[in-house]
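> Before I ask anything, let me first share the structure, which is written out below as structure tokens.
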Amino acid sequence: MTHDICFAHRTVRQPPRFTATALAARVLALCLSPVIVKLYGVALLLFVGSPLFGRAPLRVTVDSGTSEGLDWDQTAVFLEIPFAAPPVGQRRWRPPEPRAKWRGVRAAKAFGAVCPQAAEDLPSLQARFAELAPAFPYYSNLRMDGDCLSLNVWTGNIGRKAAPVMVWIHGGSNIGGTGAYPPFGPSLAAKGIVLVSFNYRLGALGFIAHPGLTSESPHRSSGNYGILDQIAALR
């Protein structure tokens, strides 16, 4: 059974699509549990226990399948939810493509890989993860891989009436960084905010433009693949 979504004090059957600008201003209402929420173009099905989460599995269903997150300090945390196919092999230097569906329940309890970036930048990021790991153990698995297009969600508002949604696009001059850092998720969730962060392709893999790639493109253009990743995550 599903329930209508209360959005900005209106009951709607089909929630509107969000633009990047509107995301910061809109209020997402989570009415009853379980709830289906249209968030960035995918349906999220959240199973909630009592009083806040209880012992029921925290699961989210998107177009590609179901993932199970974790309940950490009264915050629901869903990590590494893929929003696009791995941009490797024949998909490298091409716009992001939909993720293939998976069977069963996928674990969403650890961060996905950071997108490829300069190896000399990783030690400082590893040190920051190590500082956070005692308080938040899921900050303990820093790794780098081409299969990196995933998003993370933190919320302490499941089952409550309303919650503002913030989408964080990490910095790093388009050559470094990760959606996992800075650690805005735990602190903002404690303040009643639903935080979403994600990774996008960086450096040459995300922004190179070349005549050879342009000739292969149906749009007759190349470059800005990292920006296309960001758009895909917001849909």
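The values are calculated or read from the model by the stated rules, or taken from the named source; none is laboratory data. Only a predicted model underlies this, so the values are computations on that prediction, with no experimental measurement involved. Glycine gets a Cβ as well: all are built from the backbone with ideal geometry, and neighbour counts include every protein chain shown. To get the accessible areas, we keep the full protein, side chains included, count just its heavy atoms, and leave off ligands, DNA and RNA. Shrake-Rupley method; radii C 1.70, N 1.55, O 1.52, S 1.80 Å.
> Given 37 °C and 0.692 mPa s, how large is the Stokes-Einstein diffusion coefficient of the stretch 58-120 in µm²/s, with Rh as the Kirkwood radius over Cα pairs?
Details: Rh = 13.3 Å.
This corresponds to a translational diffusion coefficient of 246 µm²/s.
> Find how many whole Å separate the alpha carbon centroid of the stretch 164-235 from the alpha carbon centroid of the stretch 64-80.
So the separation of the two Cα centres works out to 21 Å.
> I'd like the Kirkwood hydrodynamic radius of the stretch 132-187, using the inverse of the mean 1/r over distinct C-alpha pairs, in Å. It would help to have the intermediate numbers written out before the result.
Details: mean 1/r = 0.0741 Å⁻¹.
Kirkwood hydrodynamic radius for the stretch 132-187: 13.5 Å.
> Determine Rg/Rh for the stretch 80-171; Rg is computed over alpha-carbon atoms and Rh is the Kirkwood hydrodynamic estimate from the same atoms.
1.00
> Calculate the spin-label point distance for residue 124 paired with residue 92, positioning each point 7 Å from the Cα along the beta-carbon direction, and give it in nanometres.
For the pair residue 92/residue 124, the computed spacing is 2.7 nm.
> Give me the accessible area of residue 169, 1.4 Å probe, in Å² rounded to the nearest 10.
Probe radius 1.4 Å; accessible area of residue 169 about 70 Å².
> Could you pull the accessible area for residue 166 with a 1.4 Å probe, rounded to 10 Å²?
60
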